[in-house]
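The structure appears below as structure tokens.
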Ligand code: C2E
Ligand code: MG
Ligand code: MG
């Protein structure tokens, strides 16, 4: 009677030949396909173990490998009964007690143990819904691939669905699950030999691409991926569109799994902060030596303490009156070693770790003090727009803190405006509506930023207490030569006017764009044509000089 119908490879790593002789002799009596190979070193043993589906390592204490290096079960070969056992050892055999029966039982036991451990490991490293690797599994796999492949040609993509959360809220969890499965099916279709896919969290995925030294080919593949994921999805008979943001990082000779995942994550955040539905290649120059979230948090805290943050102001021109009627406060970080950093390089990360909350209060406070400063120098009152992220909106102290800040600055709160993005207002819409109403009682007003890039329902928009709608730069850029953009911009302007909202066009860079917007009835424009965002003293000079004639149009 043999317990070993399926083969079990035995790999022996020992320095004396006695063990191999003894084992061979006993194995003869055990029977079954139990091939025994002798390894001269741990490297040899590992190769033999990796080559078999089911394998056991038999070794002496002098050769016992670290548990992280050996995934096969280990049987320790001893001269005497042990007092205790290292944790990585599954069973042991003592030379003068080694009968065929003892060996058979030991091998049967360790094989079961090995299989159980493998199943548990698979469960811990697999996403239950889709069956692909989860974050932990992917990390293990990535670390192994980086080791093996000497990091050559590996590219890591991190992918985040831009409006999955809204779709999930609107359609329910069950439909959300179906959607995730469809996304995974599309990702799998895109894989080539040697590539891997994983689900890192709710709507975050990772792809490991093999052989990607050729940047052009990588670019083409990523583009193809964006297109494939941008096709409509069908859930419960309804068609649905999802945007996604991709960050790409290339493995370098010194890359670790953690660093590579962090880089792909930063790049993904940068893609997202642009406008979504796009990808961003990680650029080392943007790394600034901040290798982890912890580094960044420490640096940002220091920046807040040491006053390294600054506000620049970008004016908004009214097309009806030809006057500057508002400003947008845009934060910058004057880093002691890396120079002036733009918000795209730190705001998304500050949002993630929650530091956006104190940073945001600093911005509001600074902006109101600067308003006061301008007033004291005789400038006409202007609306001051401050960007507010969803995370700040969730802060329970938002209302009392704002009350305190408004009080202490002595500013009429009617001049204060908060810019919220479409994506932010569509999230937890009831809660957002309530908070907006409460803030509205303080006198502040709201605008909807980056309009057109998110996912908003007309009905919800019409219920929100919003005063202005800001058309995203992506529709304005190149609109002179793109009739489709012109139609879209026209439609957005008429939609806003139907809702009694004023319209601001962002990113106006040419006179032609300005003229078209004027023709379409747009109320205000903001962009490099009028001015870039500038520090306060420069803004004061700009305001004193007045608006240049070409911007005023013929009617004015
Ligand atoms: P946003 O609110 O949509 O701001 C407009 C961005 O477009 C600014 O970039 C501005 O400099 C840029 N821009 C304006 N006119 C033009 C133009 O004619 N051409 C081009 N190419 N770009 C133009 P910036 O300053 O890099 O800000 C990026 C984003 O960072 C902002 O987008 C906003 O979402 C966020 N942000 C900035 N300051 C803050 C802040 O204090 N708090 C929060 N939560 N977010 C902020
Ligand atoms: Mg804005
Ligand atoms: Mg904007």
Checklist entry - Quick one: residue 474 ticks every box in (1) within 15 Å of ligand 3 (Cβ to nearest atom); (2) buried (at least 21 other Cβ atoms within 10 Å of the Cβ) bar one, so which box is it? => result (2)
Checklist entry - In the range 427-444, how many residues are within 16 Å of ligand 1 (Cβ to nearest atom) and either modelled with pLDDT under 90 or not in a helix (DSSP H, G or I) (or both)? => result 3
Checklist entry - When residue 402 is evaluated against the numbered criteria (1) within 16 Å of ligand 1 (Cβ to nearest atom); (2) within 27 Å of residue 532 (Cα to Cα), which criterion, by number, is the only one it fails? => result (2)
Item to check | Residue check, residue 57 in the same structural domain as residue 109 (by TED's automatic domain parsing) and under 30 Å from residue 148 (Cβ atoms) | outcome: yes
Next on the checklist: Within the range 361-374, does at least one residue satisfy the condition of being more than 30 Å from residue 547 (Cβ to Cβ) and either at pLDDT below 90 or touching a helix residue (DSSP H, G or I) at 6+ places or on another chain (Cβ under 8 Å) (or both)?
Outcome noted: yes
Item to check | Complete set of residues in the range 489-513 that are within 13 Å of ligand 1 (Cβ to nearest atom) and in contact with a strand residue (DSSP E or B) (Cβ under 6 Å, 6 or more places away or on another chain) | outcome: 504, 505, 506, 508
Checklist entry - Is the range 367-378 home to any residue that is more than 16 Å from ligand 3 (Cβ to nearest atom), in a helix (DSSP H, G or I), without any contact (Cβ under 8 Å) to a residue 24 or more places away in the chain and in the same structural domain as residue 432 (by TED's automatic domain parsing)? => result yes
Next on the checklist: Cβ contacts < 8 Å: first residue touching a residue at least 12 places away in the same chain (Cβ under 8 Å) and over 16 Å from residue 317 (Cα atoms), restricted to the range 493-517; second residue away from ligand 3 (no atom under 15 Å from the Cβ) and assigned to a helix (DSSP H, G or I), any location; separation 6+ or different chain. Result?
Outcome noted: 495/458; 499/461; 499/462
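Among the listed residues 344, 354, which satisfies the condition of being surrounded by fewer than 20 Cβ atoms within 10 Å (Cβ to Cβ), within 16 Å of ligand 3 (Cβ to nearest atom) and over 30 Å from residue 521 (Cβ atoms)?
Working: 354 fails: within 16 Å of ligand 3 (Cβ to nearest atom).
None of the other options fit; the residue is 344.
In the range 50-62, what residues are at pLDDT 90 or above and either buried (at least 22 other Cβ atoms within 10 Å of the Cβ) or more than 19 Å from residue 89 (Cα to Cα) (or both)? Quick ask: steps written out before the conclusion?
Within the range 50-62, the first condition is being at pLDDT 90 or above, and the residues that meet it are 55-62.
55, 56, 57, 58, 59 - these are the residues of the range 50-62 that are at pLDDT 90 or above and either buried (at least 22 other Cβ atoms within 10 Å of the Cβ) or more than 19 Å from residue 89 (Cα to Cα) (or both).
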Checklist entry - If only one of 422, 403 is out of contact with any helix residue (DSSP H, G or I) (no Cβ under 6 Å at 6 or more places or on another chain) and within 16 Å of ligand 3 (Cβ to nearest atom), which one is it? => result 422
Checklist entry - Considering only the range 408-423, how many residues are more than 16 Å from ligand 1 (Cβ to nearest atom) and at pLDDT below 90? => result 3
Item to check | Of residues in the range 379-393 being away from ligand 3 (no atom under 16 Å from the Cβ) and under 24 Å from residue 525 (Cα atoms), the one nearest to the chain's Cα centre (by Cα) | outcome: 382
Next on the checklist: Anything in the range 89-99 that is in contact (Cβ under 8 Å) with a residue 40 or more places away in the chain and either surrounded by 14 or more Cβ atoms within 10 Å (Cβ to Cβ) or assigned to a helix (DSSP H, G or I) (or both)? List them, or say none.
Outcome noted: 95, 98
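The values are calculated or read from the model by the stated rules, or taken from the named source; none is laboratory data. These figures come from a predicted structure and were not determined experimentally. Note that each Cβ is placed from the backbone with ideal geometry, even for glycine, and that neighbours are counted across all protein chains shown.
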